[in-house]
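The values are calculated or read from the model by the stated rules, or taken from the named source; none is laboratory data. Keep in mind that this is a model prediction, so the values were computed, not measured. When we count neighbours, we look across all protein chains shown, and the Cβ atoms used for this are built from the backbone with ideal geometry, even at glycine. Just the protein is used for accessible areas: all its heavy atoms, side chains included, with ligands, DNA and RNA removed. Shrake-Rupley method; radii C 1.70, N 1.55, O 1.52, S 1.80 Å.
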Amino acid sequence: GLDPEERQRLRSIVAARRTVATTIVSTHLTDDAADADLVAVLHDRRLTFVGSPARLAAEADGRTWTQVSPPEPSTVRASWLLPDGRHRCLGTPPSGATIIPPRLEDGYLLLTDPARSRQHMS
C-alpha cells in the first residue's frame, strides 16, 4: 500500500542492504518482486516456487500471447484488454497466436492456476 515515492524509498533501502544482509519482502506486487535476487511463491499453504524472477517469468514462455478478439474464457487462465484494443492472454495459445515475451506476473498467474493445482492433486 505504498505510494510510488515510498516504494522507491523501500527499493533503495533493500538495495543498500543487499550486500550485508538477507532481506525478506512479502508482497503481492510483482513489480517489487522483479528486483529481487530470489523469489518464493506460496500458494495453497505450500511453497510452490523458489528461483530467480526471470525463471518465474519463464513459467509462461510460449503461453503468453495477444489477439484481437476476446478469448473464450474456458481456454485461458487470464486475459485483459490492452490500450491498443488487443487482448493479452495467458494459457494455451491457439494456432497462429502472436506469442509475446512473458512478464513475472504472467509466470505467477500460470503457476498459481487453480486448474494446475487440481491436476497436481490427482
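Consider the stretch 59-89. How many of its residues are closer than 19 Å to residue 48 by Cα and among the aliphatic types (A, V, I, L, M)? Going through the stretch 59-89 one residue at a time, the tally reaches 1. Of the residues contained in the stretch 57-77, one or more are found to be in contact with a helix residue (DSSP H, G or I) (Cβ under 6 Å, 6 or more places away or on another chain), farther than 17 Å from residue 94 by Cα, buried (at least 16 other Cβ atoms within 10 Å of the Cβ) and not acidic (Asp, Glu).
The C-beta contact set for the stretch 1-22 (first residue open to solvent by less than 100 Å² (accessible area, probe 1.4 Å), second residue of a type in the set (S, T, N, Q), distance under 8 angstrom, 6+ apart or interchain) comprises 14/23.
Close contacts from the stretch 29-51, counting a first residue that is within 12 Å of residue 112 (Cβ to Cβ) and a second that is basic (Lys, Arg) and open to solvent by 40 Å² or more (accessible area, probe 1.4 Å), with Cβ to Cβ under 9 Å and a gap of 6+ residues or different chains, come to 30/103; 49/55. Among residues belonging to the stretch 78-91 that are over 13 Å from residue 107 (Cα atoms) and out of contact with any Lys or Arg (no Cβ under 6 Å at 6 or more places or on another chain), point out the one that is surrounded by the fewest Cβ atoms within 10 Å (Cβ to Cβ). Among them, the one singled out is 83. Whether any residue in the stretch 25-48 is hydroxyl-bearing (Ser, Thr, Tyr), open to solvent by 100 Å² or more (accessible area, probe 1.4 Å) and at pLDDT 85 or above is what I want to check. Yes, that holds for at least one residue.
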